[in-house]
Amino acid sequence: MRIVAALGGNALLRRGERPDARVQLGHVRTAARALGPLAARHELVICHGNGPQIGMLSLESESDPALSRPYPLDALVAQTQGMIGYWLTQCLRNDGLAKPVLSLVTQTLVDPGDPAFAEPTKFVGPVYDHRRARQLADLHGWTIAADGDRWRRVVPSPEPQRIIEQDSITHLLDTGSVVICGGGGGAPVTDDGSGRLHGVEAVVDKDSTAALLATTLHADRLLVLTDVPAVMAHFGTPQATALRHLDLDDLAGMEFPAGSMGPKIAACRHFVAATGHPAAIGQLPDASAILAGAAGTTITTAHAHEPGSRPRRQQPGEGASSPEGRPNTGPSRTHDLSTGGTRPRPTDGSPEP
């Protein structure tokens, strides 16, 4: 079976933890133990998040008096790909995986006219109380948003169009390697029309990139592995209930927070609709059980394909859905975002997040 696993950045550095290398490496070892059995038995591609890590590097860069200007976000994404990919590669090998494991620094093509550039929604960096977040927003020109009961920086998250290194990824996977790629969504780049690539100030959502990869690689499963056990109904209330199975019709009647569970659902919905194969969301340590359908939330098509039919393949330029952008009203504009679960769908015609 060919599997693309999207590994959340918050699973590598949890809320409130110090961003020390020792702490993160401990979580990477846990991730390797969860992913190792999948890598041994299946063809596996791993895409990892980098929200906490790139936020830390960005803050360091903006605060460094030796720099005339901070490092751009695309360069910082590349740095996090190297660090986290190195750790994952080493830990998988140390856990006894016999297959070749390769980590690639990859670039993701985005549209410079994507409305996401006017509506930052991607959480990066640590959480703060509102007062400190506002201070940092004023100091650095950030946009901030509520992440549960705390506040974080948000940056533009344009939709991925194409993975520049797609052919290399396909070749490595076909020859039996475990491939770590698309880290942090991939370093975002635009094409100037002559084939020359240029980095841009953004962070592509890694779940969207994973869905794009899973579709173009003709994967059998997309696994979105995070720090929550399943998609929850009535999230954050005493009535919270794990939703073990959803289909595309179910999802059409639900809303999810744009900065957290929303992109995960959008990625799964895109993959399932494009390929007809299942996707699943769940907690990283449960990876094998999630694949077997014994844990997490499995998402399938509303109806089985007719005998002999073929699922629709992704068309060029398609990626997982992203929120519609609106003009930015200032560097410290806020969004009221929660961290997971579903809400009733609006009935007044307002757009989904």
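The values are calculated or read from the model by the stated rules, or taken from the named source; none is laboratory data. What you see is a predicted model, and the numbers here were worked out from it, not measured in a lab. FYI the Cβ positions are ideal-geometry reconstructions off the backbone, even for glycines, and counts take in every protein chain you see. Areas reflect the complete protein model, heavy atoms only, side chains present, ligands, DNA and RNA absent. Shrake-Rupley method; radii C 1.70, N 1.55, O 1.52, S 1.80 Å.
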Subject >> Every pair of residues 6+ apart whose Cβ atoms lie under 7 Å, when the first sits in region 186-211 and is farther than 14 Å from SER157 by Cβ while the second is of a type in the set (D, E, K, R) >> reply: VAL189/ASP74; LEU197/ASP191; HIS198/ASP192; GLY199/ASP74
**OP:** Please go through region 85-108 and pick out each residue that is among the hydrophobic types (A, V, I, L, M, F, W, C), within 17 Å of the chain's Cα centre (by Cα) and within 22 Å of ARG22 (Cβ to Cβ).
**Re:** LEU88
Original post:
Among the residues of region 12-19, is any closer than 25 Å to ILE290 by Cα and open to solvent by 60 Å² or more (accessible area, probe 1.4 Å)?
Top reply: yes
**OP:** Identify all residues within region 24-56 that are in contact with a Gly (Cβ under 9 Å, 6 or more places away or on another chain), in a helix (DSSP H, G or I) and crowded, with 17+ Cβ neighbours inside 10 Å; write none if there are none.
**Re:** GLY36, GLY51, PRO52, GLN53, ILE54, GLY55, MET56
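Residue by residue, here is whether (1) in contact with a Pro (Cβ under 6 Å, 6 or more places away or on another chain); (2) β-branched (Val, Ile, Thr); (3) in a helix (DSSP H, G or I) holds:
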{"residue": "ALA145", "(1), (2), (3)": "no, no, no"}
{"residue": "PRO160", "(1), (2), (3)": "no, no, no"}
{"residue": "ILE169", "(1), (2), (3)": "no, yes, yes"}
{"residue": "GLY176", "(1), (2), (3)": "no, no, no"}
{"residue": "ALA202", "(1), (2), (3)": "yes, no, no"}
{"residue": "ASP207", "(1), (2), (3)": "yes, no, yes"}
{"residue": "LEU213", "(1), (2), (3)": "no, no, yes"}
{"residue": "HIS218", "(1), (2), (3)": "no, no, no"}
{"residue": "LEU223", "(1), (2), (3)": "no, no, no"}
Original post:
So VAL105 clears everything in (1) within 23 Å of THR170 (Cβ to Cβ); (2) open to solvent by 10 Å² or more (accessible area, probe 1.4 Å); (3) assigned to a helix (DSSP H, G or I) except one condition, right? Which one?
Top reply: (3)
**OP:** Go through region 126-164 and give me each residue that's open to solvent by less than 20 Å² (accessible area, probe 1.4 Å), closer than 30 Å to GLY195 by Cα and of a type in the set (S, T, N, Q).
**Re:** SER157
**OP:** Among the residues of region 108-143, count how many are without any contact (Cβ under 8 Å) to a residue 60 or more places away in the chain and part of a strand (DSSP E or B).
**Re:** 1
**OP:** Residue by residue through region 254-297, note down the ones that are modelled with pLDDT of 95 or more, among the aliphatic types (A, V, I, L, M) and surrounded by fewer than 20 Cβ atoms within 10 Å (Cβ to Cβ).
**Re:** ALA273, ALA289, ALA292, ALA294
Original post:
Within region 178-190, can you find the residues that are open to solvent by less than 10 Å² (accessible area, probe 1.4 Å) and either part of a helix (DSSP H, G or I) or over 18 Å from GLY49 (Cα atoms) (or both)?
Top reply: GLY183, GLY184, GLY185
**OP:** Would you check which residues across region 58-75 are in contact with a strand residue (DSSP E or B) (Cβ under 9 Å, 6 or more places away or on another chain) and either modelled with pLDDT of 95 or more or assigned to a helix (DSSP H, G or I) (or both) and list them?
**Re:** SER58, LEU59, LEU73, ASP74, ALA75
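Results for (1) touching a helix residue (DSSP H, G or I) at 6+ places or on another chain (Cβ under 8 Å); (2) over 19 Å from GLY184 (Cα atoms); (3) touching a residue at least 12 places away in the same chain (Cβ under 8 Å), shown as yes or no for each residue.
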position	(1), (2), (3)
VAL231	yes, yes, yes
ASP247	no, yes, yes
PRO257	no, yes, yes
SER260	no, no, yes
ALA273	yes, yes, yes
GLY276	no, yes, yes
